[in-house]
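Take a look at the structure set out below.
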Amino acid sequence: MIQVRDFHKTYRETVAVAGLSFEVGPGEILGLVGPNGAGKTTTLRAVAGIIPPTRGTLGVGGYDVVAQPVAAKSLLAYVPDDPRLFESLTVWEHLEFVAAAYRVGDFAAKAETLLRQFELEGKRATLAQELSRGMRQKAAIACAYLHDPRAILLDEPLTGLDPQGIRTMKDSILRRARDGAAVVISSHLLALVEDVCTHLLILDRGKRIYFGRIEEARSAFAQAGASPSLEEVFFRAIQPPNGS
Amino acid sequence: MHPGLVKLARLRFRAGLRQSFRGLKTVRGALLCLLGVAVFITWLGPSLVMVALARVEPDTERFRSGFPLAMLGITLLYGLQALAQKGVSFSVAEVDFLFSAPLTRRQLLLYKIAVGMPGLLLLALFFSVFARGYAPWWIFGFLGIALAALFLQLVGMAVALVSQTVGEYAYTWSRRAALALTLTAVALVLGWAFSGGADGRFFAGMEEFRQSLLGRCLAAPTEPFARVITARSFFPELVVWGSLALGIDLALLALVMKLDVNYLEASLAVSQRVYERLQRARRGSAWVSSGKAWGSIPPLPWLGGAGPIARIQLIKAARSIPNALVFIVVVGTLMLVGAVASSRMPSFPLETLFAPLLMLSLVLGRTLGCDFRGHLDHMEALKVLPLRPAAVAAGQVVTPILLLTAFQLLLLGAAAPLAESSATLLGAVALFVLPFNAVLLGAENFLFLVFPVRMVSGTAASFQHFGRGIVEMFLKMVLLLVAAAIAGAAGLAAFVLSVGSWIAALAVAWLTLAGIAALLIPCVAWAFRRFDVSTDTPG
């Protein structure tokens with residue numbers, strides 16, 4: 001569903017991402033992890049068609065994101081880190097607009113279900129400027145799910161959520177994947193990645209350090225036969241070979 | 001346009017109307033909203049009626065002569081700004097929702113132009129009232145101004161898109177060349193105008209330049225807009241010149257659409273920069289330079305805790321000065337040029353500077369954010385400090401008082417050689433600047449703490465906000481007038497009692513004004529003490 005081949009992104013002399021390749025199939029959930037400045041957000045934005053690659057190809061559902069952006073974008077949903085809503089629109093008006101933008105016919109029933117799922121029923125007429133950080137996050141995710149995207153890109157999806165919201169979010173991600181969506185989650189929360197992801201992509205300074213199934217990552221970075229936690233996998237992966 | 005974008009435009013228009021009348025749920029909000037609407041209508045209504053009933057012959061020739069050059073200057077400024085910005089700016093919500101949506105770049109640009117239309121028409125309505133003395137028909141004036149505003153918007157967009165089609169080297173080179181060319185052109189025109197026309201006046205000089213071959217060529221692209229505004233008949237004047245002006249706008253629109261540059265990445269960066277600037281302004285740090293911190297202030301004496309508070313504000317001021325200086329130099333120069341231009345050169349009466357100087361001081365004091373107004377998000381931290389409220393209040397207001405005084409003295413110093421005033425008047429004005437600013441800043445901070453509001457609203461302007469601004473301005477002016485009247489009365493009494501001594505009169509008036517300013521500190525301290533962080537902090 002999501003194909004990235006030899007993706008390079010440079011800003012003048014700065015290399016943000018260098019030669020990155022990976023694929024996410026239907027039903028798979030990829031955890032994109034790495035230190036700050038590793039190139040995670042750049043990768044998500046490029047797949048979402050917001051920034052063009054310096055080199056390489058990015059595809060969603062068989063469509064090239066650069067050559068056929070509208071077809072590719074109609075299959076995906078992207079929720080950025082700290083999503084900003086239209087301050088003067090209500091939650092319901094956001095859903096109305098998204099339905100029109102993605103041409104979702106008869107969206108009301110779907111929207112109602114999403115509002116219920118994310119505990120936003122009481123907030124449908126609330127202006128975005130009056131929502132808490134967590135509520136805004138939930139509203140953005142509800143908007144993203146409205147057109148049943150086949151590829152979902154989530155940048156730090158748990159920021160600002162309460163425990164109930166975190167559980168709802170995790171469940172929704174798993175359900176979407178079960179229904180055949182390809183999901184990419186960029187997060188510093190390794191526990192989230194460990195809980196929901198099937199695959200792992202570790203980036204460091206724009207380069208791919210590891211890409212594969214999570215279980216395989218554990219064996220790849222195991223020491224003395226013990227299966228390491230994802231946190232141990234991460235630190236072993238990003239440490240230089242000499243450990244300095 | 002894409003139906004989703006039409007929907008969004010409609011929703012946002014409706015939301016804009018809703019925002020304009022928000023606050024109606026509370027009595028205070030409703031009263032402020034009512035006041036805002038009343039002031040708006042009483043300003044706009046009679047102006048439009050007067051336009052309709054006016055029997056005065058409009059001065060179309062003067063407008064046709066001056067407007068094209070003025071518009072050319074504004075167009076150049078727009079172009080330069082777009083070159084510096086290097087991208088079409090969207091709101092952050094538009095970036096988050098639209099850039100990853102299945103919409104083409106052209107659809108997004110069309111949407112951008114469409115959602116700007118209501119604001120553009122409002123702007124045209126506003127300026128059409130001012131243009132009433134030059135436009136024989138108000139509606140033609142309104143139409144011409146709307147077309148001119150659209151032209152400016154499209155120029156900015158076209159320049160931003162073109163700048164993305166050229167390489168980095170060519171971009172830097174072309175930007176420098178454009179800047180140099182613009183500055184040279186402005187210097188040439190102003191030099192010509194200031195060299196004086198037949199009667200030695202600025203506008204006569206401008207008129208001479210306008211009639212020259214160079215002036216006619218430069219003003220040609222903007223001439224149709226002036227002709228639409230000043231059209232005397234529907235046919236042929238409005239139809240011919242209106243078609244030409246519309247044709248220019250459509251040609252620019254076609255260019256913008258034709259370019260189809262992949263501008264999303266550049267727009268993302270620009271929009272984020274604009275958003276961060278807005279957030280800084282909301283926090284009261286509009287002028288603080290971004291990037292690495294520079295400049296510091298040595299520790300000040302304790303003074304009951306006022307010293308460290310003042311030091312923080314002085315450091316903030318020091319880091320705001322580069323940006324604020326640009327503003328001060330530009331506005332100060334414009335004020336001086338305006339004063340010289342409106343009178344017989346090369347001098348002008350000093351009094352013509354007083355009103356703009358006061359307005360500029362009000363704006364600067366408000367936006368520098370070196371007092372309570374710039375510390376709205378830090379009120380909690382200020383409240384927990386083990387300091388007396390009076391010390392906090394004194395520490396907060398001293399920095400803007402000193403800064404404003406320095407700025408005003410600088411401007412008066414620059415104006416002195418050109419002003420037709422006695423040294424005594426200049427000296428007296430300079431003398432009273434300090435206590436006047438102390439009263440002004442004390443009053444402003446007191447009113448702010450009693451009726452707190454963000455300096456920059458994060459949402460669309462509302463009539464409630466407008467009404468609040470009117471009330472605040474009224475109260476501020478009343479306080480200033482009362483202070484001035486008391487100081488004046490005291491000075492007059494001293495003058496009478498000292499049998500005509502000006503020195504005694506000025507000294508007593510100065511001391512009275514300073515005393516009033518000192519009395520305002522406990523008032524500000526009281527307002528600070530009663531400020532409830534949980535309920536008084538605006539969103």
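Please verify whether region B:352-370 includes one or more residues that are open to solvent by less than 40 Å² (accessible area, probe 1.4 Å), modelled with pLDDT of 80 or more, on the phi < 0 side of the Ramachandran plot and out of contact with any strand residue (DSSP E or B) (no Cβ under 6 Å at 6 or more places or on another chain).
Looking for residues that are open to solvent by less than 40 Å² (accessible area, probe 1.4 Å), modelled with pLDDT of 80 or more, on the phi < 0 side of the Ramachandran plot and out of contact with any strand residue (DSSP E or B) (no Cβ under 6 Å at 6 or more places or on another chain), one finds at least one in region B:352-370, hence yes.
Quick one: A:Phe97 ticks every box in (1) open to solvent by less than 60 Å² (accessible area, probe 1.4 Å); (2) within 12 Å of chain B (Cβ to nearest Cβ); (3) over 22 Å from B:Arg12 (Cα atoms) except a single one, so which number is it?
Here A:Phe97 meets the rest and fails (3).
Could you say which residue among B:Ala483, B:Ala509 is within 20 Å of B:Asn445 (Cα to Cα), surrounded by 15 or more Cβ atoms within 10 Å (Cβ to Cβ) and touching a residue at least 40 places away in the same chain (Cβ under 8 Å)? Before you say what the answer is, go through the steps one by one.
Details: B:Ala509 fails: within 20 Å of B:Asn445 (Cα to Cα).
Unique residue meeting the criteria: B:Ala483.
Going by what's in this entry, would A:Ile185 be described as part of a helix (DSSP H, G or I), touching a Pro at 6+ places or on another chain (Cβ under 8 Å) and either away from chain B (no Cβ under 14 Å) or more than 25 Å from B:Pro102 (Cα to Cα) (or both)?
So A:Ile185 does not fit the description; no.
Considering B:Leu278, B:Leu268, which residue is within 14 Å of chain A (Cβ to nearest Cβ), modelled with pLDDT under 85 and more than 30 Å from B:Ala220 (Cβ to Cβ)? Outline the logic, then answer.
Numbers: B:Leu268 fails: modelled with pLDDT under 85.
Of the residues listed, the single one that is within 14 Å of chain A (Cβ to nearest Cβ), modelled with pLDDT under 85 and more than 30 Å from B:Ala220 (Cβ to Cβ) is B:Leu278.
Residues checked against (1) open to solvent by 50 Å² or more (accessible area, probe 1.4 Å); (2) among the aliphatic types (A, V, I, L, M); (3) within 16 Å of B:Gln272 (Cα to Cα); (4) out of contact with any helix residue (DSSP H, G or I) (no Cβ under 6 Å at 6 or more places or on another chain):
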position	(1), (2), (3), (4)
B:Ala84	yes, yes, yes, yes
B:Arg105	yes, no, no, yes
B:Leu110	yes, yes, no, yes
B:Gly119	no, no, no, yes
B:Phe127	yes, no, no, no
B:Arg132	yes, no, no, no
B:Ala135	no, yes, no, no
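Name, by its number, the condition in (1) closer than 21 Å to B:Gly369 by Cα; (2) touching a Gly at 6+ places or on another chain (Cβ under 8 Å) that does not hold for B:Phe463.
(1)
Can you name every residue in region A:42-63 that is hydroxyl-bearing (Ser, Thr, Tyr), outside any loop (DSSP other than H, G, I, E, B) and either within 14 Å of chain B (Cβ to nearest Cβ) or over 16 Å from A:Asp6 (Cβ atoms) (or both)?
First, the residues of region A:42-63 that are hydroxyl-bearing (Ser, Thr, Tyr): A:42-43, A:54, A:57, A:63.
Keeping just the survivors that are outside any loop (DSSP other than H, G, I, E, B) gives A:42-43, A:57, A:63.
Across region A:42-63, the qualifying residues are A:Thr42, A:Thr43, A:Tyr63.
Output the number of residues of region B:38-62 satisfying the condition of being under 24 Å from the mean Cα position of the chain (by Cα) and modelled with pLDDT of 80 or more.
1
Just one of the numbered conditions (1) within 30 Å of A:Gln137 (Cα to Cα); (2) assigned to a helix (DSSP H, G or I) is not true of B:Val88; which one?
(2) is the only condition that B:Val88 fails.
I'd like the full set of residues that are assigned to a helix (DSSP H, G or I) and crowded, with 19+ Cβ neighbours inside 10 Å, limited to region B:371-381. Walk me through how you get there before you give the answer.
Going residue by residue through region B:371-381, those that are assigned to a helix (DSSP H, G or I) are B:372-374, B:376-381.
Result: B:Phe372, B:Arg373, B:Gly374, B:Leu376.
Can you confirm whether A:Lys73 is out of contact with any helix residue (DSSP H, G or I) (no Cβ under 9 Å at 6 or more places or on another chain), modelled with pLDDT of 90 or more and either at the interface with chain B (Cβ under 8 Å from one of its Cβ atoms) or surrounded by 23 or more Cβ atoms within 10 Å (Cβ to Cβ) (or both)? If you could, list the steps in order and put the result at the bottom.
Working: out of contact with any helix residue (DSSP H, G or I) (no Cβ under 9 Å at 6 or more places or on another chain): yes; modelled with pLDDT of 90 or more: yes; either at the interface with chain B (Cβ under 8 Å from one of its Cβ atoms) or surrounded by 23 or more Cβ atoms within 10 Å (Cβ to Cβ) (or both): yes.
Against the criterion (out of contact with any helix residue (DSSP H, G or I) (no Cβ under 9 Å at 6 or more places or on another chain), modelled with pLDDT of 90 or more and either at the interface with chain B (Cβ under 8 Å from one of its Cβ atoms) or surrounded by 23 or more Cβ atoms within 10 Å (Cβ to Cβ) (or both)), A:Lys73 qualifies.
Filter region B:221-237 down to the residues that are of a type in the set (A, V, I, L, M, F, W, C) and buried (at least 20 other Cβ atoms within 10 Å of the Cβ) and list them by number.
Within region B:221-237, the first condition is being of a type in the set (A, V, I, L, M, F, W, C), and the residues that meet it are B:225-226, B:228-229, B:231, B:234-235.
Those that are of a type in the set (A, V, I, L, M, F, W, C) and buried (at least 20 other Cβ atoms within 10 Å of the Cβ): B:Phe225, B:Ala226, B:Val228, B:Ile229, B:Ala231.
For region A:103-153, give me each residue that is part of a strand (DSSP E or B) and surrounded by fewer than 21 Cβ atoms within 10 Å (Cβ to Cβ).
A:Leu127
Please state which one of A:Gly61, A:Gly49 is open to solvent by 30 Å² or more (accessible area, probe 1.4 Å) and touching a residue at least 24 places away in the same chain (Cβ under 8 Å). Walk me through it before giving the result.
Values: A:Gly49 fails: open to solvent by 30 Å² or more (accessible area, probe 1.4 Å).
Among A:Gly61, A:Gly49, only A:Gly61 is open to solvent by 30 Å² or more (accessible area, probe 1.4 Å) and touching a residue at least 24 places away in the same chain (Cβ under 8 Å).
Return a yes/no flag: does region B:138-159 have any residue that is open to solvent by 30 Å² or more (accessible area, probe 1.4 Å) and within 14 Å of another protein chain (Cβ to nearest Cβ).
No, region B:138-159 has no match at all.
Mind listing just one residue for me: the one in region B:90-110 that is facing chain A (nearest Cβ under 8 Å) and among the aliphatic types (A, V, I, L, M) and, of those, farthest from B:Leu264 (Cα to Cα)?
Going through the qualifying residues, I end up with B:Ala93.
From the list B:Val471, B:Val499, which residue is not aromatic (Phe, Trp, Tyr) and not in a loop (DSSP other than H, G, I, E, B)?
Numbers: B:Val499 fails: not in a loop (DSSP other than H, G, I, E, B).
None of the other options fit; the residue is B:Val471.
Only one residue in B:Val392, B:Val433, B:Val398, B:Val439 is open to solvent by 40 Å² or more (accessible area, probe 1.4 Å) and at pLDDT 90 or above. Which one?
Numbers: B:Val392 fails: open to solvent by 40 Å² or more (accessible area, probe 1.4 Å); B:Val433 fails: open to solvent by 40 Å² or more (accessible area, probe 1.4 Å); B:Val439 fails: open to solvent by 40 Å² or more (accessible area, probe 1.4 Å).
Going through B:Val392, B:Val433, B:Val398, B:Val439 in turn, the sole match is B:Val398.
If you scan region A:31-41, which residues turn out to be assigned to a loop (DSSP other than H, G, I, E, B) and either among the charged types (D, E, K, R) or open to solvent by 50 Å² or more (accessible area, probe 1.4 Å) (or both)? Give the steps one after another, and end with the answer.
Going residue by residue through region A:31-41, those that are assigned to a loop (DSSP other than H, G, I, E, B) are A:34-39.
Within region A:31-41, A:Asn36, A:Gly37 qualify.
It is to be established whether one or more residues within region B:258-267 are farther than 30 Å from B:Ile139 by Cα and without any contact (Cβ under 8 Å) to a residue 60 or more places away in the chain. Can you show your working first?
Initial filter on region B:258-267 (farther than 30 Å from B:Ile139 by Cα): B:258-267.
With the extra rule that they be without any contact (Cβ under 8 Å) to a residue 60 or more places away in the chain, the set shrinks to B:258, B:265.
So far as region B:258-267 goes, yes, one or more of its residues are farther than 30 Å from B:Ile139 by Cα and without any contact (Cβ under 8 Å) to a residue 60 or more places away in the chain.
Could you tell me whether A:Val104 is within 12 Å of chain B (Cβ to nearest Cβ), among the hydrophobic types (A, V, I, L, M, F, W, C) and in contact (Cβ under 8 Å) with a residue 60 or more places away in the chain?
Numbers: within 12 Å of chain B (Cβ to nearest Cβ): yes; among the hydrophobic types (A, V, I, L, M, F, W, C): yes; in contact (Cβ under 8 Å) with a residue 60 or more places away in the chain: no.
Against the criterion (within 12 Å of chain B (Cβ to nearest Cβ), among the hydrophobic types (A, V, I, L, M, F, W, C) and in contact (Cβ under 8 Å) with a residue 60 or more places away in the chain), A:Val104 does not qualify.
Do you know which residues across region A:9-30 are within 14 Å of another protein chain (Cβ to nearest Cβ) and either open to solvent by 20 Å² or more (accessible area, probe 1.4 Å) or among the polar types (S, T, N, Q) (or both)? Break it down into steps so the answer makes sense when it comes.
Here is the first cut: in region A:9-30, the residues within 14 Å of another protein chain (Cβ to nearest Cβ) are A:9-14, A:16-17.
Scanning region A:9-30 gives A:Thr10, A:Tyr11, A:Arg12, A:Glu13, A:Thr14.
So, in region B:1-11, how many residues would count as being more than 7 Å from every other protein chain (Cβ to nearest Cβ) and in a helix (DSSP H, G or I)?
Count: 4.
Here is a yes/no grid of residues against (1) touching a Lys or Arg at 6+ places or on another chain (Cβ under 6 Å); (2) among the β-branched types (Val, Ile, Thr); (3) within 30 Å of A:Ser88 (Cα to Cα); (4) at pLDDT 90 or above:
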position: B:Ser421; (1), (2), (3), (4): no, no, no, no
position: B:Asn445; (1), (2), (3), (4): no, no, yes, yes
position: B:Ser457; (1), (2), (3), (4): no, no, yes, no
position: B:Val482; (1), (2), (3), (4): no, yes, no, yes
position: B:Ala489; (1), (2), (3), (4): no, no, no, yes
position: B:Ala504; (1), (2), (3), (4): no, no, no, yes
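Kindly indicate whether any position in region A:154-167 is surrounded by fewer than 15 Cβ atoms within 10 Å (Cβ to Cβ) and within 14 Å of chain B (Cβ to nearest Cβ).
no
Pairs under 8 Å by beta carbon, first residue over 15 Å from B:Pro389 (Cα atoms) in region B:297-313, partner in a helix (DSSP H, G or I) and of a type in the set (S, T, N, Q), six or more apart or different chains?
B:Gln313/B:Gln396; B:Gln313/B:Thr399
The values are calculated or read from the model by the stated rules, or taken from the named source; none is laboratory data. Here the structure is a predicted model, which means the values were calculated and not measured. Cβ coordinates were reconstructed from backbone atoms using ideal geometry, including for glycine residues, and neighbour counts include every protein chain displayed. Please note that ligands, DNA and RNA were not included when accessible areas were found on the heavy atoms of the full protein model with its side chains. Shrake-Rupley method; radii C 1.70, N 1.55, O 1.52, S 1.80 Å.
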